[in-house]
Amino acid sequence: MTATVAVVGGGYAGATVAKALDDVADVILIEPRDAFVHNVAALRGVTDPSWADQLFLPYDKLLTRGRIRRDRAVKVSPTSVELGSGEIVEADYIVLATGSSARYPANIDVDTSEAGKEKLRATHAELKRASHVLLLGAGAVGLEFAGEIKAAWPDKAVTVVDPQDELLSSATFPAEFHAELRSQLDQLGVQVLLGTFLRELPSTEPGVTGTFTVTTEGGTEITADAWFACYGVTTNSGYLGTELSSALQPDQRIAVTPELRVQGQETVFAVGDVNAVPEQKMARLAQKHAELVATNIRTLIEGGGELTAYEQEDADSIVLPLGPRGGVSFASPAGVLGASVTAEIKGTLFIDLYRELLNQK
């Protein structure tokens, strides 16, 4: 009898593990969206309307044997997934791949591709009208968005504000990386205010054009006419049933074994942003988790051999585009890479890789 694998979440990790197991199991991919969303390119989808259609890749060619169940998981046990519709999906193996959510536009926050395209185009129209854009957060999202805005509209003023004293404060990169990043931001004309915060948020809604004046904690006044919150990430793990909830950590990530099983479970795995592996959370590593879990489930299905342990990356790495032709990267042992190499690596935001994953080429 063929094993059933329920994959909860159809993002980078979920699509990868579902496709990898399609030939050996009855795969059921549970996902509320009507298409895979390439959120890595979402910010460019705001500044360049030609990207709006490219971000949404249909699931119709992902699986040949398995099926897509368009619904939301509301409760997961070691052997079943309860859906929002009330249906219960029974499974021999379950993979939790629900990821995390960031504020729009870093993540597209609607479930249909048409609504997503409409929202991106509306935000583009609002942003096009603005003369001065305020971005709250100097992490990867805020800086990448600043670069995308400047690439699309070089004369538009962009200010980035963050209470931390350093760019990308959540990761450890060498001084050379920060110097190159600062240099490119200066060349673009992006104003960066670190070590301070706003006394009050702007009076307008995020992404809606309208003049406002705000004051930083240090007394600096900023007058702008559009703003976006580029901070804060929420882990999507609120569906765990009683048997699985003991693995939930204070940060809402799920504790896993070296083989990426959910702690205390034999047939439930967690991959990508939703698990508590102590490394950076990014699409590339989510897919690395997915590939390992697919290998381990295949081993269990075929009934032989030990499972493989995940080897996490020792050092932080990043490929940070600042528009299609700029950016800075760091990886060991390559070191710091500047604008031309970063643009070569990520100038097209890996869209062809994900077309291939979804069999849409």
For the chain: Kirkwood Rh in Å [reciprocal of mean 1/r, alpha carbons] | 21.5
In degrees from 0 to 90, rounded to the nearest 10, what is the angle of the helix 283-302 Cα long axis to the longest principal axis of the chain?
-> 0
May I ask for the angle, rounded to the nearest 10°, between helix 113-129 and the longest principal axis of the chain, with both axes built from Cα atoms and the value confined to 0 to 90°?
-> 10
To the nearest 10 Å², what's ILE68's accessible area with a 1.4 Å probe?
-> 60
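If you count the DSSP beta bridges with both ends in the chain, what percent of them are antiparallel, to the nearest 5?
On the way: 27 of 58 bridges.
Antiparallel bridges make up about 45 percent of those DSSP assigns within the chain.
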Assign one of three labels to segment 284-361, namely rounded, prolate or oblate, based on the Cα gyration tensor with a ≥ b ≥ c the square roots of its eigenvalues; rounded applies when a/c is under 1.5, prolate when it is not and a/b is larger than b/c, and oblate otherwise.
-> oblate
Rounded to the nearest Å, the spacing of the alpha-carbon centers of segment 306-361 and segment 98-119 is 22
Which shape class applies to segment 134-209: rounded if a/c is under 1.5, otherwise prolate when a/b exceeds b/c and oblate if not, where a ≥ b ≥ c are the square roots of the Cα gyration tensor eigenvalues?
-> oblate
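For THR64, THR196, what's the largest-to-smallest order of accessible area, 1.4 Å probe? Write down the numbers at each step before the final one.
Numbers: THR64 125, THR196 15 Å².
Ranked list, largest accessible area first: THR64, THR196.
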Note down the accessible area of GLU243, probe 1.4 Å, to the nearest 10 Å².
-> 100
Candidate residues LYS128, LYS346: accessible-area rank, largest first, probe 1.4 Å = LYS128, LYS346
Between the helical axis of 140-152 and the dominant principal axis of the chain, each derived from Cα atoms, what acute angle in degrees is found, rounded to the nearest 10?
-> 60
GLU90/ALA122 FRET efficiency (R0 30 Å; Cβ-Cβ; nearest 0.05) | 0.10
Kindly write out, for segment 28-39 in residue order, the coupling ³J(HN,Hα) from the Karplus curve 6.51 cos²θ - 1.76 cosθ + 1.60 (θ = phi - 60°), rounded to whole Hz, with x marking Gly and Pro.
-> 10, 8, 9, 7, x, 7, 8, 7, 5, 10, 7, 5
Note, ³J(HN,Hα) from phi for segment 247-261, Karplus 6.51, -1.76, 1.60, rounded to Hz, x at Gly and Pro | 8, 6, 8, x, 8, 6, 8, 9, 5, 10, 7, x, 8, 6, 6
Once the in-chain neighbours fewer than 8 apart are removed, the aspartates and glutamates whose Cα is under 19 Å from LYS346 read ASP48, ASP53, GLU144, GLU148, GLU180, ASP316, GLU356
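Which entries in LYS19/LYS117; LYS119/LYS361; LYS119/LYS288; LYS128/LYS150; LYS19/LYS281; LYS117/LYS281 show an alpha-carbon gap greater than 23 Å? Don't skip to the answer; put the middle values down first.
Values: LYS19/LYS117 26 Å; LYS119/LYS361 25 Å; LYS119/LYS288 31 Å; LYS128/LYS150 11 Å; LYS19/LYS281 21 Å; LYS117/LYS281 26 Å.
Table pairs above 23 Å Cα-Cα are LYS19/LYS117; LYS119/LYS361; LYS119/LYS288; LYS117/LYS281.
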Report the accessible area of ASP23, computed with a 1.4 Å probe over the heavy atoms of all protein chains in place, in Å² rounded to the nearest 10.
-> 110
For segment 90-100, Karplus-derived ³J(HN,Hα) couplings (6.51, -1.76, 1.60; θ = phi - 60°; whole Hz; x for glycine and proline) come out as 7, 8, 7, 9, 10, 10, 8, 9, 8, x, 9
Calculate for the chain the 222 nm mean residue ellipticity that helices alone would give, adding -39,500 (n - 2.57) per DSSP H run of length 4 or more and normalising by residue count, nearest 500 deg cm²/dmol.
-> -8500 deg cm²/dmol
Please label the shape of segment 112-172 as rounded, prolate or oblate, based on the square roots a ≥ b ≥ c of the eigenvalues of the alpha-carbon gyration tensor (a/c under 1.5 means rounded; beyond that, a/b larger than b/c means prolate, else oblate).
-> oblate
Please work out the Cα center distance from segment 259-301 to segment 200-216, rounded to the nearest Å.
-> 41
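The values are calculated or read from the model by the stated rules, or taken from the named source; none is laboratory data. Not measured: the values here are computed from a predicted model. Every residue, glycine as well, gets a Cβ built from its backbone with ideal geometry; the counts of neighbours run over all protein chains shown. To get the accessible areas, we keep the full protein, side chains included, count just its heavy atoms, and leave off ligands, DNA and RNA. Shrake-Rupley method; radii C 1.70, N 1.55, O 1.52, S 1.80 Å.
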